[in-house]
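Trainee: I am attaching a structure below and will ask some questions about it afterwards.
The values are calculated or read from the model by the stated rules, or taken from the named source; none is laboratory data. Not measured: the values here are computed from a predicted model. As a convention, Cβ positions derive from the backbone with ideal geometry for all residues, glycine included, and neighbour counts pool all protein chains shown.
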Amino acid sequence: MISGTTRYAAVLGYPIEHSRSPALHNAGFAALNIDAVMIPLAVAPADLPTVVRALAATACVGASVTTPHKHAVMACCDELSPAAQKIGAVNCLAFVDGRVIGHNTDGDGFADALRAAQIRLRGKRTLLLGGGGAARAIAYGVRDGGAVEVIARRASDVTWAPAWPWTPDHLRDAFSRADIVVDCTSTALAGGTDEAAFVDGLPMDVLRDSTVVASLTYHREPLLLARARARGLQILDGRGMLLHQGLRAFALWTGESAPVEAMGQAL
């Protein structure tokens, strides 16, 4: 029940209808009997600074930030966490005495998801497909593991890790030595013929039996993971990262240990 004492959190995106953050965090608030509720806010890019300042002025519990605002919202922050600075994006806002603190829990959330699936990072070579903001966050998350390399359409734009052009030869070489392969592209979001062509062009045959294949997509099983599962490889979809980045955000906002079981069931 919402009353005069109920506080609110928000998730900011455009569009926002797809977001599962409200279900995730409302389950957490309910489990800990916190009088708060998360609401989705569709925020057009031009309105982002105004909305962020309004959230700070109204003592918002905290805010999650999703597409397309993760980079632009940095300019709305009074302070950035080390992770947000390193990744160059913000997915979580905390409001402290009217100040806006930008955090990024995506990278460490991905690493937490690997640990929860009993996938060890130490000494493992991680291959990232795509060189955008998602890949940069994952690279930060696996920073304490082994080597990281990137295959990207615009490899010359990747300055934060060794990167190779997206060619059959480079793909084959990188796949043959990878311990963990992470699809950081947006290809799986829409599915269809583009996704099929994308996966058909990947040299899955050279992956070792111990290789883990991961995707950041969580609303359905991507074709890449279906192919990897058919080969008997361990797979990891985006639900783990979604959960664990949310657990970290929840703890930042409330000062409480996030209720893992309740929030996980909400997904």
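Trainee: Evaluate the following for A251: is it within 19 Å of the chain's Cα centre (by Cα) and surrounded by fewer than 18 Cβ atoms within 10 Å (Cβ to Cβ)? It would help to see each step written out before you state the result.
Mentor: On the way: within 19 Å of the chain's Cα centre (by Cα): yes; surrounded by fewer than 18 Cβ atoms within 10 Å (Cβ to Cβ): yes.
The answer is yes for A251.
Trainee: Between a first residue in segment 142-156 that is over 13 Å from R177 (Cα atoms) and hydroxyl-bearing (S, T, Y) and a second residue that is part of a strand (DSSP E or B) and modelled with pLDDT of 95 or more, which pairs have beta carbons less than 9 Å apart while being 6 or more apart in sequence or on different chains?
Mentor: Sorted first by the residue in segment 142-156, then by its partner, the pairs are S156/A163; S156/P165.
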